[in-house]
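Reviewing the structure listed below.
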Amino acid sequence: MKKRLIAFSLVLMLILTCFSPIAANAATLTWPVLRLNSTGANVTALQYMLNYYGYPVTVNGTFNQSTVNYVKSFQQAEGLSNDGVVGTNTWTALTDVLQRSSSYNANLTRAIQYLLNNKFGYSLTVNGVFNSATDAAVRSFQTSMGLTSDGIVGPNTWNNLIAASSAFNATQFWEDRADDGWVSPVGYTPGAITNGAKFNSSRDSGSRVHAGTDFYVSNNYRSYYLNHNNSLTALDTYAKTFKVRAMYDGVVVQISTNFYRGTKALAIEHADGTVARYGEIGILSGITVGTIVETGEEIGWIAYHNDVNTSNCDGVHMLHLEVYLGNSPEAIASGNPRFAASTALTNTTSHSYYYANVPSSLSPAHYERRADLIDSTGARNLPLN
Ligand SMILES: [Zn+2]
């Protein structure tokens, strides 16, 4: 009876370990295997780590015979099978916990700095000092990976640094989308759309970064004095010069009726799971949450800033486009406040919205957004037709 109970408990533990999303303890982490002739950032990190443990291997990113020999020595010293292959047990033995102001672990810190820079797009000085910039980058990285943002590099953070694939490749993402038949959201008047703010560009004197890509209507194509003092209702009937169209097949999942300075926004979830938010627009009547749209279908128009309740009638026209991978359970914006921008676009304290790969120079005073927000600049390269 007792044995069966123990067996049952073991099975239960196994089930919990396998299926509980929060059961990410050291025993369940998956680590990449490195061996002779492996190359890359993980090898560089491994070599820094071996240096930390007193094995003076040259740090060159190549798992050469010298590295094999030092790994074997390390394994032997740790009581592990000394086969010269770095797998779960060896990684676990290599990855000590560290955090800011840990002064004795310069080469472990170098490994972290190197991984953050070369796999995840940070720009730290690889100097072995766990300084405030490193602390901020670690916290930002933890946030982007869905980990507790505490600045402590423990087993889970080490595992994400080493096991996660490299930073998201936005160029590849947009090339793939073009191949899949995505079209430009503003294809109707070539030359009328100019560069506006791009993803990650500095806003508010550097206190936050831009979450999307602006498709800015050039001066020659504006007529913003036309309805400058009209009401929001009249804005809906404003000359629809610059049509905004769906980049891809999808369904409308959110509408913000007050996005920014009297403009609106809508979010479309696509068949491939990505989500696009079209902001600073007017929305075509009949489009509501649940509306199914097809690639190239008109969804609205670029609306000019015309906030009748304040003096913010600057007449600027742009499509502010955000694109998400669709991995995050977080909503894009909460509710429809009068000025959604003031809370959903500029809030630097809410932890509902996270920003992936924030440049360390802007952290922690950054623009917190969903972790799966991606660089939408490449949408400019989508076909016009
Ligand atoms: Zn914008």
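Would you mind stating whether A197 is outside any helix (DSSP H, G or I) and modelled with pLDDT of 75 or more? Judged against the criteria, A197 is a match.
Residues in the stretch 174-194 that are away from the ligand (no atom under 16 Å from the Cβ) and modelled with pLDDT of 85 or more: W174, E175, D176, R177, A178, D179, D180, G181, W182, V183, S184. Quick check on A239: is it modelled with pLDDT under 85, assigned to a loop (DSSP other than H, G, I, E, B) and within 15 Å of the ligand (Cβ to nearest atom)? Against the criterion (modelled with pLDDT under 85, assigned to a loop (DSSP other than H, G, I, E, B) and within 15 Å of the ligand (Cβ to nearest atom)), A239 does not qualify.
Taking the criterion of being in a loop (DSSP other than H, G, I, E, B), in contact (Cβ under 8 Å) with a residue 40 or more places away in the chain and surrounded by fewer than 23 Cβ atoms within 10 Å (Cβ to Cβ), the residues of the stretch 116-145 that qualify are G121, S123, L124, M145.
The set of residues in the stretch 46-58 being in contact (Cβ under 8 Å) with a residue 24 or more places away in the chain and assigned to a loop (DSSP other than H, G, I, E, B) consists of Y53 alone. Residues in the stretch 79-98 that are charged (D, E, K, R) and within 22 Å of R110 (Cα to Cα): D96 only.
In the set (1) at pLDDT 85 or above; (2) buried (at least 20 other Cβ atoms within 10 Å of the Cβ), T148 fails one condition alone, (2). Of the residues in the stretch 82-96, at least one is surrounded by fewer than 20 Cβ atoms within 10 Å (Cβ to Cβ), assigned to a helix (DSSP H, G or I) and under 28 Å from the mean Cα position of the chain (by Cα). Among the residues making up the stretch 283-301, those that are in contact (Cβ under 8 Å) with a residue 24 or more places away in the chain and either within 16 Å of the ligand (Cβ to nearest atom) or among the hydrophobic types (A, V, I, L, M, F, W, C) (or both) are I283, I287, V289, I292, V293, I299, G300, W301. Each residue in the stretch 246-281 was checked for being within 16 Å of the ligand (Cβ to nearest atom) and of a type outside the set (S, T, N, Q), and 14 pass. Of all residues in the stretch 147-174, those satisfying the criterion of being within 25 Å of T213 (Cβ to Cβ) and outside any helix (DSSP H, G or I) are S165, S166, A167, F168, N169.
The values are calculated or read from the model by the stated rules, or taken from the named source; none is laboratory data. Keep in mind that this is a model prediction, so the values were computed, not measured. All Cβ positions, even for glycine, are placed from backbone atoms using ideal geometry, and neighbour counts span all protein chains on display.
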